Amino acid sequence: MDDEILEQLRERYAAGNLIVFAGAGVSAAAGMPTWKQLAEKLRDRARRRSADPAVVDEIQQYIASNQLINALSAAKLALGPQDFNWTVDKELDDTGRDVPEVAQAIAALKPRLKAVLTTNIDRFLERAFQGEWRVVDRAAADIAMDRRFILKLHGTLRAWDTWVFSRDQYDRAIFGSPLLQDAFGALYRTHSILFVGFGLADDNIDQTLARVRALAGGQPPMHFALLPKGVPPFRRRLLEESGIRLIAYENQAGDHAEVAQILLGLEPSAAPPPPPPPRVATPAPHPASSARPTAVPPANALPTAARPVRVFFSYASRDEELLARLEAHLSPLKREGLIAPWHSGKIGAGEDLERAISDQLEAADLVLLLVSASFLASEQGDAQVTRAMERRAAGQAAVVPVLLRPCDWETTRFAELQAVPRDKKPVTKWSDEDEALLQVVREIRAVVTKLRASLR
């Protein structure tokens, strides 16, 4: 093992600048099928379901050439979405299986680790982290600014609508938005990534490394990969051209046990934590998206304060003027770095409207429902309320109804929530609407203060 490279890895971990990218090998350590084995199971099911022999042969050809993403895509076409999803869910269900040692070793790095990315849809990593880190299956545009999250690039078990099993799905889900491209570019340019559990024959890592090369802008930072000894010269050259430094281990028993030992060796058991860096001012928002800062902190910076609370405004187009006035009243909170507000009026030309709204709603910590008769009549508003209440029930977001105009809101699904203004008098019924909005902002500030205590 190259001690110099291992020491470089330790330095990046100690600086809080390391991201672990976990591949299928992490789950395979617990007896789960690899992507190739999953493709073979799907091929066999397609054969048993009397699929066209030519289609089955095509799946096999993709498997034989290690084009596993294509193999899965072809299997989905052969089986149909329902049968495909059911089979994948059954095969990758980790219920009753012990969390593998390598997943536990990754979780042991949480004191200084920046984040975890994974292509696995099972729940081993969530279980290893014992719910302490936020799990994300849809990336938000400011993800490079975040810490302490597990981003599941291919979706998560049971939630079929989050799954990504083809290249076009992957491109739409992860790189379909210019803002996300910028965010992932920042992530790859300013952080070191440690690849764990990827096989040399896995085209998933080829796709990922191609992205690393493209997003790094021709000057990739130093990344790392844990691989068993015996990497062929040409393959080593491809990895090194992507900025990958190889940490090769013996794997004498064939069970990759050394991987967990290497990971555990990154966290010094007796060394005190490094002193916190000087606090820096919150950078100004990027012109392309005033809702969310896209500048990236210094590579060696550790968080000294909670990030801003992400606020999503759900509203009807008729109420845009009141939205603008409320946003103006909230501007002190934004200047103080307490909130990062967003609404659909901030979507740029050429962006996918529905995806942008969905991404921001999924990432929001606080959802403000701007209630009026027009809002209650809006189908889009109804869908946003449904998702917001689901995320609230799951403990993922707070929801506050803001009463703008008189309407029959007390029969809605959010009637159980404390609305503002607190006396249930809509803003437009006040003799001084600015006074009403001031009362609303004071209530929102109290909610934001409470939320920030849990955002680290």
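The values are calculated or read from the model by the stated rules, or taken from the named source; none is laboratory data. Please read these numbers as outputs of a predicted model, since none were measured by experiment. Positions of Cβ are backbone-derived with ideal geometry, glycine not excepted, and every protein chain shown enters the neighbour counts. Keep in mind that these areas ignore ligands, DNA and RNA; they rest on the heavy atoms of the full protein, side chains included. Shrake-Rupley method; radii C 1.70, N 1.55, O 1.52, S 1.80 Å.
Just one of the listed residues (ASP94, ASP122) is under 18 Å from VAL20 (Cβ atoms), among the acidic types (Asp, Glu), in a loop (DSSP other than H, G, I, E, B) and in contact with a helix residue (DSSP H, G or I) (Cβ under 8 Å, 6 or more places away or on another chain), and it is ASP122. Could you check how many residues of the stretch 385-394 are open to solvent by less than 30 Å² (accessible area, probe 1.4 Å) and of a type in the set (Asp, Glu)? Within the stretch 385-394, residues that are open to solvent by less than 30 Å² (accessible area, probe 1.4 Å) and of a type in the set (Asp, Glu) number 0. Taking the stretch 420-435 as the range and being open to solvent by 50 Å² or more (accessible area, probe 1.4 Å), not in a helix (DSSP H, G or I) and not hydrophobic (A, V, I, L, M, F, W, C) as the test, the residues that pass are ARG422, ASP423, LYS424, LYS425, SER431, ASP432.
Select from the stretch 138-164 the residues that are in contact (Cβ under 8 Å) with a residue 24 or more places away in the chain and open to solvent by 50 Å² or more (accessible area, probe 1.4 Å) and write down the one among them that is nearest to VAL309 (Cα to Cα). Talk me through it step by step, then tell me what you get.
The initial filter retains those residues of the stretch 138-164 that are in contact (Cβ under 8 Å) with a residue 24 or more places away in the chain, namely 138-158, 160, 162-163.
Subset that is open to solvent by 50 Å² or more (accessible area, probe 1.4 Å): 138, 145, 148, 158, 160.
Values: ARG138: 18, MET145: 12, ARG148: 15, ARG158: 28, TRP160: 28 Å.
Ranking the candidates gives MET145 first.
Does any residue of the stretch 395-412 turn out to be surrounded by 12 or more Cβ atoms within 10 Å (Cβ to Cβ), within 19 Å of ARG325 (Cα to Cα) and among the hydroxyl-bearing types (Ser, Thr, Tyr)? No: zero hits. Within the stretch 1-41, the set of residues being of a type in the set (Gly, Ala, Ser), under 23 Å from the mean Cα position of the chain (by Cα) and part of a loop (DSSP other than H, G, I, E, B) comprises ALA15, GLY16, GLY23.
Residue-wise test of (1) surrounded by 16 or more Cβ atoms within 10 Å (Cβ to Cβ); (2) closer than 18 Å to THR449 by Cα; (3) over 25 Å from the mean Cα position of the chain (by Cα); (4) at pLDDT 55 or above.
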position: ALA260; (1), (2), (3), (4): yes, no, no, yes
position: LEU263; (1), (2), (3), (4): yes, no, no, yes
position: PRO268; (1), (2), (3), (4): no, no, yes, yes
position: ALA271; (1), (2), (3), (4): no, no, yes, no
position: THR282; (1), (2), (3), (4): yes, yes, no, no
position: PRO293; (1), (2), (3), (4): yes, no, no, no
position: ALA328; (1), (2), (3), (4): no, no, yes, yes
position: LEU333; (1), (2), (3), (4): yes, yes, yes, yes
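Number of residues in the stretch 8-60 that are open to solvent by 80 Å² or more (accessible area, probe 1.4 Å) and free of Cβ contacts under 8 Å to residues at least 12 places away in the same chain: the value is 7. The condition (being in contact with a strand residue (DSSP E or B) (Cβ under 7 Å, 6 or more places away or on another chain) and part of a helix (DSSP H, G or I)) is satisfied by just one residue among ILE59, ILE63, ILE69, ILE106: ILE106.
For beta carbons closer than 6 Å, sequence separation of 6+ or different chains, a first residue in the stretch 383-409 that is under 15 Å from GLN360 (Cβ atoms) and a second that is hydroxyl-bearing (Ser, Thr, Tyr), the qualifying pairs are GLN384/SER314.
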